[in-house]
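Here's the structure, in structure tokens; my notes come after.
What follows draws every value from the coordinates through simple rules; no lab data is involved. Since the model is a prediction, treat every value here as computed from it, not as a measurement. Ideal geometry is used to build each Cβ from the backbone, glycine not excepted, and the neighbour counts take in all protein chains shown.
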Amino acid sequence: MTDHPVQLENITKRYGAFTAVKDLTFSVAKGEIYGFLGPNGAGKTTTLRMMLDIVRPSEGRICVLGSNSAISVRRRIGYLPEERGLYRKMKAAQSIAYFAQLRGLSGRDAKKKAYALLEEFGLEDFARSKNEALSKGMAQKVQLLATIAHEPELLILDEPFSGLDPINQQTLEKLIADQRASGRTIIFSTHVMQHAERLCDRFLIIAEGEKRFEGTLSEARARYGQRLHVRSTAPAAAFEVLPGVEAVRLERNGGEESDYRIELADGADPQDFLRQAVAAGIVLTRFEQAGATLHDIFVDLAGDEASAPAHDQERAFARGAEAAE
């Protein structure tokens, strides 16, 4: 099988006059965790649905597990949709077994696998509980276990952390990492950068349907100048005039001393900054070097998550158009 289980080439998706995805090209390597990042309405869900052949692209080519249609290899794929849904009256173990059978396991093997997964993740006491009696976090875990019960080669998870409390988010992060350790390829979409920063081998940032970046966190950080965190009694203006300084941001005004974030120009040496500050008579009580965070990079490339509601109308339109196809 190819070393790249998922390949998209020049994918575009139009809904009338609205273009949800524009000329998107990327590939996912076998055995990696690949983050699909962007604000709400950026085109993430539409792209994942095109991968799964739920909707067809207007232009371009998609190859999943060596096939031009994910439908023909669907039993080798696990998909957790953004819109969660379990049969309310069905019991937790039954739900997992049911979906496993749909993906090719025998009834006996599916039931055995369901109970084994519930025990592994500490949910054995809820095996016979109806889904409607489960908390939101537990129900989401059950649906995720149903997604992996047939041991798929490829996992596609759309906003898997949405609605989970921090403890359940941590549990889910471990589950995703364990799945990768078992040799599976994982794609997950999110607009929360902390999960991607901790989990992803590589990631793609998409905004307004267009690719803004693809690569590793180190490669993304290499695009940005050095960032320093300093504490001093000096005003911001004292740092702004130093050679190599591009921007100074006040992070905390502590009275006598203030904390600043200093952004240096590309190629500027932090040690040169330190020497220049000392020569200028600036007293520093804190001096730390720091690369840009994924959140910083995301905001710069795609805009802050706070702007996401502006895309909701477009997103609703796309969903309505999908339903009409």
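With θ set to phi - 60°, apply the Karplus curve 6.51 cos²θ - 1.76 cosθ + 1.60 along segment 79-89 and write out the HN-Hα couplings as whole Hz, x wherever there is a Gly or Pro.
These are the phi-based 3J(HN,Hα) values: 10, 9, x, 5, 7, 5, x, 10, 5, 4, 8 Hz.
Determine the gain in length on full extension of the stretch Glu132-Ser69; use 0.36 nm per residue of separation and subtract their C-alpha separation, reporting nm with one decimal.
Contour length minus Cα-Cα distance gives 19.2 nm.
Show me 187-196, 141-150, 104-113 ranked by packing, highest mean number of other Cβ atoms within 10 Å first.
141-150, 187-196, 104-113
Along each of the three principal axes of the Cα atoms of segment 225-291, give the extent in whole Å, ordering the values from largest to smallest.
Cα spread of segment 225-291 along its principal axes, largest to smallest: 33, 24, 18 Å.
Once you put a point 7 Å from the Cα of Tyr224 and another 7 Å from the Cα of His295, both along the Cβ direction, what distance in nm separates them?
Output for this residue pair reads 1.1 nm.
With an 8 Å Cα cut-off and a minimum separation of 6 or more residues, compute the relative contact order for segment 197-286 in percent.
The value is 28 percent.
When the Karplus curve 6.51 cos²θ - 1.76 cosθ + 1.60 is applied with θ = phi - 60°, which whole-Hz ³J(HN,Hα) does each residue of segment 67-73 get, with x for Gly and Pro?
Whole-Hz 3J(HN,Hα) from phi for segment 67-73: 10, 6, 9, 5, 4, 6, 10.
What nm value, rounded to one decimal, do you get for the distance between Ala17 and Asp125 when each label is placed 7 Å out toward the C-beta?
Result for the modelled spin labels: 5.8 nm.
Report the calculated FRET efficiency for Gln170 and Val241 (r = Cβ-Cβ distance, R0 = 45 Å), to the nearest 0.05.
Here the calculated transfer efficiency is 0.50.
Take the residue pairs Lys30/Lys111; Lys30/Lys130; Lys89/Lys141 and return only those whose Cα atoms are more than 25 Å apart.
From Lys30/Lys111; Lys30/Lys130; Lys89/Lys141, over 25 Å: Lys30/Lys111; Lys30/Lys130.
Let me have the relative contact order for the chain, percent, based on Cα pairs under 8 Å that are six or more residues apart.
20
Would you list the P(r) distribution for the chain, with all Cα-Cα distances sorted into 10 Å bins from 0 and each bin expressed as a whole %?
Result, from short to long distances: 5, 22, 27, 21, 13, 8, 3, 0 percent.
Just add up the charged neighbours of Gly122: K/R +1, D/E -1, any other residue whose Cβ is under 15 Å from the Cβ of Gly122.
Net local charge, Gly122 excluded: -3.
Name the residues whose placed amide hydrogens come within less than 5 Å of the amide hydrogen of Gln226, ignoring near sequence neighbours (fewer than 5 apart) on the same chain.
HN-HN under 5 Å from Gln226: Leu264, Gly267, Ala268.
Name the helices (complete DSSP H segments) of the chain with a Cα length along the long axis of 15 Å or more and a Kyte-Doolittle mean of at least 0.0, or state none.
The answer, listed by residue number, is 92-102, 136-148.
Could you check what % of the DSSP bridge pairs in the chain are antiparallel, to the nearest 5?
Approximately 70 percent, going by the DSSP bridge assignments.
Based on the Kirkwood radius over alpha-carbon pairs, what is the Stokes-Einstein translational diffusion coefficient of segment 25-94 at 37 °C with 0.692 mPa s viscosity, in µm²/s?
Answer, rounded: 229 µm²/s.
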